Amino acid sequence: MPTATKKDYSKSHSRKLLVVIDMQKDFVSGSLGTAEAQAVVDKVVAKVVGYKGSLAYTLDTHKADYLETSEGKHLPVPHCIKGEEGHQLVDQLKEPLKDAMVFEKPTFGSVELATYIAEDETITEVELVGVCTDICVVSNALLIKAMRPELPVLVDASCCAGTTPSNHEAALKTMHSCQIEVFS
């Protein structure tokens, strides 16, 4: 089950699920922030506010020993340390996502999120938005598709930002090749 569920979603009806990936301060304006991530914030907020379905989001979550982890050795930039400002959602999404399910994850893809989606057969479609397209968005999309291959998995490219524009495009192509519906 999700780390924290603020709404009780009944399994008696079909539903769509929008998952906002890692829209945290460190990825937008903090230690790993980019102009591209800043540019999609308003689009993600509009998508969340207008979405007709269930909402969830992920939080990249590290501990103080981040630099000693495998990821920290490959990306030696402390970020999304639980309890610090950079771990929090961007301010613009706090209110729109206040009742959403949250999945904290210690790595790129959330096995917990993918398992939740795989086990809940009332979910008829999953859409992903967020950052970074070429790391966490692609990882979560592929995990979900692997665990529930017949489920439509969509990615709104206009609501995603990669570590670079070229990495963003490459990730979109990879997801499209793996039968994930990419649109903008």
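The values are calculated or read from the model by the stated rules, or taken from the named source; none is laboratory data. Note that the structure is a prediction, hence the values are computed from the model and not measured. Every residue, glycine as well, gets a Cβ built from its backbone with ideal geometry; the counts of neighbours run over all protein chains shown. What goes into the accessible areas is simple: the full protein's heavy atoms, side chains included, and nothing from ligands, DNA or RNA. Shrake-Rupley method; radii C 1.70, N 1.55, O 1.52, S 1.80 Å.
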Check your understanding: In the range 90-98, is there at least one residue being touching a strand residue (DSSP E or B) at 6+ places or on another chain (Cβ under 8 Å) and charged (D, E, K, R)?
Key -> no
Review point. Among the residues of the range 84-126, how many are open to solvent by less than 60 Å² (accessible area, probe 1.4 Å), assigned to a helix (DSSP H, G or I) and either of a type in the set (S, T, Y) or within 25 Å of K43 (Cα to Cα) (or both)?
Key: 8
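One line per residue, one yes/no per condition, for (1) modelled with pLDDT of 95 or more; (2) under 20 Å from V28 (Cα atoms):
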{"site": "T69", "(1), (2)": "no, no"}
{"site": "G83", "(1), (2)": "yes, yes"}
{"site": "L93", "(1), (2)": "yes, yes"}
{"site": "C160", "(1), (2)": "yes, yes"}
{"site": "T174", "(1), (2)": "yes, no"}
Point to revise | Given (1) out of contact with any strand residue (DSSP E or B) (no Cβ under 9 Å at 6 or more places or on another chain); (2) farther than 30 Å from G83 by Cβ; (3) modelled with pLDDT of 95 or more; (4) of a type outside the set (K, R), index of the condition T115 fails | key: (2)
Review point. Can you name every residue in the range 40-74 that is among the hydrophobic types (A, V, I, L, M, F, W, C) and touching an Asp or Glu at 6+ places or on another chain (Cβ under 8 Å)?
Key: L55, L59
Check your understanding: Can you tell me which residues in the range 139-153 are part of a loop (DSSP other than H, G, I, E, B) and open to solvent by 50 Å² or more (accessible area, probe 1.4 Å)?
Key -> P149, E150
Check your understanding: Which condition breaks for C136 when tested against (1) assigned to a strand (DSSP E or B); (2) closer than 16 Å to Y57 by Cβ; (3) in contact with an Asp or Glu (Cβ under 9 Å, 6 or more places away or on another chain); (4) not basic (K, R)?
Key -> (1)
